[in-house]
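Right, one structure below, let's go through it.
What follows draws every value from the coordinates through simple rules; no lab data is involved. Owing to the predicted nature of the structure, the values given are computational and were not obtained by experimental measurement. Cβ coordinates were reconstructed from backbone atoms using ideal geometry, including for glycine residues, and neighbour counts include every protein chain displayed.
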Amino acid sequence: MRKSALMTAAIMLAASSVWAAAPIRFFELPKFTQPPTLDGDRNTVAGEWAGSLEFACSPSQILKDGAEFGWRDLQAQSSEVSVNQLVQSATEDAAVARTDADVKSTIWQAWDDEAFYYITEVADNARDVVGGERLESWWERDSMSLYVDLNNEDTGGDTEGSYTGLNIVNFVAAPQGSSPVTVTLETTVQNTRQATQDPDAVEGFTYGFRNAGDEFGGDADYVIEGKMEWTAFQRVNLNSKPTVGTQMGFSWLLLDPDGDEAYGGQIQCVAWAGGPSSEFANWVFSDTKAGPGAGTPVEQDSWGRVKATFAQ
C-alpha cells in the first residue's frame, strides 16, 4: 500500500500508564476527483474510494494505539489517542463484549470543493437503532458520529462541562429518513450542547445505508456512506470552505448499544472527543487524488501520521 506523509514523526514517548498529554497528530486528507455514490457500497464504481484516508476503529486498534502511544488507563483500555468504552449488554457473552467480535469498523474519508465524505463498513454482532428515551439521544442507537473542530480553533471539547464551538454529526445505522432521528446535528449554544433533527438544520447532511448481513464477519453488519456539505457547516460556524492546506480537528465515535435502553457503549477512534478539542487529531486538506485511478488508501499507522508530538 502507498505510504506517504507530509512529515515524519517528531517526538515519541515510551508507553506509560500515567496520563501525560495527548499526542497532536496530523493526517493527509485526499481530494476526490469525482464524488462517490451514496449507496452504502464502496465498490459501486471501480476504485470509487481509492486513495482515501483509512482508519481502523475497533477494540484491537485501541490495543495497537496503546502499544504505540501509551496508556492513560490500561485496564480500562484508554490509550493516549483512543478509548474502548464498549459495555457488556444483558444478552451479550462476556467473551464477546468489548472485543472485535462485539463491533469493529473501518472508515475511509476524502473531500472535494462541495463536501466532506466518508464511508464506514461495520461488523456488528447486534444492530439496535430503536432505543432512547429522547429522540436526540443518538448515543443510544447504533451509529457513527463525527466530532469536528471546523475552524481548527482547539476549542469545542468538554472542559469542566463548558463547550465552545462543539460540532457533532451523527448518522444512524438505518436508512436515512426511516425515522425522525436518523441524522442529528449537535452544536454549542451558550456553552451548552444542543442537538437537533430539524429538517432545515440538517439539510446538506446526507447518507446512504446498506444492511450487509454477515459480510464483514458479524451477524448484523452494515455500511454508512455519508456526505456533509460545506455550506451546511457554514450555517453552523465554519468560517469558509476548506482549500488545500486547511486544517480541521476531528475524532470519530462508533456507537454500539446492543439492545440496551440507554447509553450502550462506544469506541472513540483516532483521538479523544471527550476532553478539550486540542486533543483532536487534525486533517490536512490535500490535493492528493482520491477516487477511480487514485491508487491505494492512506492508512492509519506511523506512516499515515503526518506529525506526532506530545505537548510540553
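Just a few scattered comments:
- In a DSSP loop and with at most 14 other Cβ atoms within 10 Å, the GluC sites (Glu not before Pro) in the stretch 219-300 are Glu261.
- Relative contact order (percent, whole number), the stretch 70-174, Cα cutoff 8 Å, 6+ residue spacing: 15
- Local electrostatic count, Trp230, Cβ distance below 14 Å [Lys/Arg +1, Asp/Glu -1]: -1
- Options Ile119, Gly295, Ala95, ranked by Cα towards positive dipole end of the stretch 23-299, top entry (Cβ charges): Gly295
- When only Cα pairs below 8 angstrom with a gap of at least 6 residues are kept, the stretch 23-299 shows a relative contact order of 31 percent.
- Among 212-218, 116-122, sorting by the average number of other beta carbon atoms lying within 10 angstrom of each residue, highest first, gives 116-122, 212-218.
- Structure remark: mean-square fluctuation, Gaussian network model of the chain, C-alpha springs under 10 Å; the largest value among Lys241, Lys31, Lys227 belongs to Lys241.
- Summary of the geometry: the stretch 232-258 and the stretch 100-179, compared by the centres of their Cα atoms, lie 11 Å apart.
- Cβ-based net charge around Ala115, under 10 Å, with every Lys or Arg adding one and every Asp or Glu removing one: -2
- Taking only the alpha carbons of the chain, we obtain Rg and Dmax values of 18.0, 48 Å in that order.
- Debye, to nearest 20: dipole size of the chain, +1 on Lys, Arg Cβ, -1 on Asp, Glu Cβ: 1080
- Cα shape, the stretch 87-189, gyration tensor, a/c 1.5 rule: prolate
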